[in-house]
Amino acid sequence: MVLDPAETKEMVARYPERRSVVLPLLWRAQERIGYISDEAIGEVAAAAGVPASEVSSVVTFYTMFRREKPPARRLQVCRSLSCAMAGADELVAALREMPGCGEKFSVETVECLAACDRAIAGIYNEGLVGPLNLAGSAKLVRDGGAAGAAAPAGSSGAGAPLEGGGRP
Amino acid sequence: MIMRLLTDGIGEVDLRDIGTYRARGGYRAVENALRRMSPKEVADEVSAANLRGRGGAGFPAGRKWSFLPGDGRPRYLCVNGDESEPGSFNNRMLVEDNPHLLVEGVICSSYAIGCSFAVIYLRGEFYEGAAIMGRALEQAAEAGYVGEHILGSDYSLRIVVHRGAGAYICGEESALLESIEGKRGHPRVKPPFPAVAGLYASPTVVNTVETLCCVPSIVNNGGAWFAGIGSPKSPGTKICSISGHVRRPGNYELVMGTPLRELVEEHAGGIRDGHRLKMILPAGASSAAMTPDQLDTPLDFDAMAAAGSLLGSAGLIVCDETTCAVKVALLGESFYAHESCGKCTPCREGTKWVEKVLARLEGGQGRPEDVDLLKSLVGEIGGGKCLCPLGDFAVTYLGSALKLFEDEFVAHAHGRTCSERLQARPTASVATGEVLSA
């Protein structure tokens with residue numbers, strides 16, 4: 001059993017129609033075991049009242065759902081315009097040269113994270129990080145934990161005058 | 001000119017805390033609406049305000065609301081917080097740093113349209129934003145602003161946060177509805193429009209985060225007051241996200257109609273040292289490039305359209321002279337090729353063909369006929385050939401760049417690349433051997 005039945009019941013009740021619970025339950029399953037297993041697909045399908053094949057097609061449509069357990073440390077680097085202009089390609093290439101890449105940690109690219117003011121932006125496990133530089137991100141994937149090494153995201157208002165709505 | 005209507009207090013106080021938010025006049029709009037106004041009066045003020053949708057199309061919110069048929073079916077409000085346009089990050093700031101303003105806007109708007117179930121859809125990557133919004137909703141429920149019999153009235157409203165899971169296309173309103181219904185994010189055939197058959201085939205309003213955040217101040221101060229701010233045909237403020245080769249990238253809330261030059265040169269601090277402006281993509285990757293001679297264009301929906309581009313969601317990407325126009329096209333096209341949902345052939349196939357041609361141009365393997373090939377592909381993919389605008393978006397910048405910077409494309413088509421120019425950019429990621437080998 002991947003999902004907690006009581007919690008599932010409560011989540012289904014939040015929506016006027018059952019099938020809306022597909023994405024929330026898939027997220028819940030991924031939070032619990034790190035990925036979407038066949039068992040999880042079956043449980044979500046039963047709870048949402050849709051065929052398992054349909055849940056499976058939903059899982060493969062959305063890029064954030066994984067069908068395999070990821071490494072403990074995952075860094076996703078934005079490759080869209082502003083981050084590319086700040087050198088995202090070179091950063092990714094350099095990180096992928098590091099020993100342990102693909103086994104102990106993974107370095108992936110993602111599309112725009114809506115954090116262009118922090119280019120190069122990224123997601124480390126489940127938190128927004130940036131601006132990333134090589135030293136900070138290398139420490140992050142090698143040692144994990146201290147996201148501070150790569151300049152933490154924190155409140156987006158923190159980087160005055162970056163996001164404060166234009167304080168002088 | 002800066003005017004902090006939606007961003008007031010951000011960066012100064014913790015607006016995530018409902019006590020702080022209320023101490024600054026927060027939730028007064030809910031009290032004003034529910035205690036002193038009928039739903040129709042709230043909707044009338046929003047119509048009088050001429051509040052135009054901040055998601056990009058600039059469609060008047062009041063008119064959108066007026067399309068809902070009164071046939072007894074339940075009505076729904078869905079908040080579009082799928083902000084995914086490369087260059088745009090203003091909704092993320094509102095969600096993370098002023099969540100109660102959105103909750104308040106959702107309550108007032110739901111009351112106005114007669115809806116008792118609203119969904120705040122946030123893109124999956126907003127991990128922190130979803131948690132913040134969830135806490136804000138809990139606080140609002142405890143304070144009696146959300147739930148049964150709000151403020152002792154007959155009006156009840158439930159609000160849920162619904163997370164996406166990585167799909168740009170879900171920012172398109174009908175794909176967003178599919179996603180809330182637990183399906184793949186494929187756009188629907190329109191008509192019927194969401195106002196007639198939206199969520200669960202019921203009348204539905206979809207408005208973006210920033211649009212709904214404008215509603216509380218309209219309720220408090222009146223539509224006429226809002227209509228008097230900024231450009232007469234695009235009133236209010238717009239939070240402009242600016243990034244790229246400027247000294248101070250960030251979000252700046254400006255009165256609509258503020259000249260583009262003021263944003264770039266004053267607020268964003270101008271182009272980085274020693275460089276000069278080459279072009280601006282004013283509405284992110286999907287907009288036609290603007291050039292330095294257009295810096296006096298007012299930032300509002302109509303003026304930007306008249307200048308041949310788009311205000312959109314105001315995610316401005318600024319490029320200096322080291323930027324290769326072909327490389328920008330490739331980066332944009334790779335994005336669209338990746339994000340195409342695959343439903344319509346011109347978009348699904350075309351974005352990948354364009355990406356392939358641009359990749360060989362960029363890589364120095366261009367062919368002389370490639371420039372004409374790209375021009376024809378722009379026409380084959382764009383021009384409303386797909387069910388949603390993604391197909392058009394995918395070739396808008398390219399079409400403009402082929403006109404403005406044709407010489408660069410021609411040079412690439414003859415085997416010359418600009419990559420050495422791009423090497424000149426200041427990357428913070430300077431390799432240090434010890435880090436790599438450790």
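The values are calculated or read from the model by the stated rules, or taken from the named source; none is laboratory data. This structure is a prediction, so every number in the text was calculated from the model and none was measured. Here Cβ is always computed from backbone atoms with ideal geometry, including for glycine, and neighbour counts include all displayed protein chains. All accessible areas refer to the heavy atoms of the entire protein, side chains included, with ligands and DNA or RNA removed. Shrake-Rupley method; radii C 1.70, N 1.55, O 1.52, S 1.80 Å.
Here are the numbers for the structure shown:
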item	result
Residue that is farthest from B:LEU212 (Cα to Cα), among those in region B:122-155 that are in contact (Cβ under 8 Å) with a residue 60 or more places away in the chain, in a helix (DSSP H, G or I) and open to solvent by less than 10 Å² (accessible area, probe 1.4 Å)	B:ILE150
Out of B:VAL46, B:VAL119, B:VAL42, sole residue that is open to solvent by less than 10 Å² (accessible area, probe 1.4 Å) and within 30 Å of A:VAL129 (Cα to Cα)	B:VAL119
Selection count, region B:228-271, where residues are more than 13 Å from every other protein chain (Cβ to nearest Cβ), under 22 Å from B:ASN91 (Cα atoms) and in a helix (DSSP H, G or I)	1
Number of the condition not met by A:GLY136 [criteria: (1) farther than 28 Å from A:ARG32 by Cα; (2) out of contact with any Leu (no Cβ under 9 Å at 6 or more places or on another chain); (3) at pLDDT below 95; (4) within 7 Å of chain B (Cβ to nearest Cβ)]	(4)
Exclusive hit being outside the structural domain of B:THR297 (by TED's automatic domain parsing), touching a residue at least 24 places away in the same chain (Cβ under 8 Å), surrounded by fewer than 24 Cβ atoms within 10 Å (Cβ to Cβ) and not in a strand (DSSP E or B), set B:LEU68, B:LEU94, B:LEU102	B:LEU68
Residue within region B:354-366 that is of a type in the set (Lys, Arg), open to solvent by 40 Å² or more (accessible area, probe 1.4 Å) and outside any helix (DSSP H, G or I) present	no
Flag for B:GLY171 being open to solvent by 20 Å² or more (accessible area, probe 1.4 Å), within 11 Å of chain A (Cβ to nearest Cβ) and touching a Gly at 6+ places or on another chain (Cβ under 8 Å)	yes
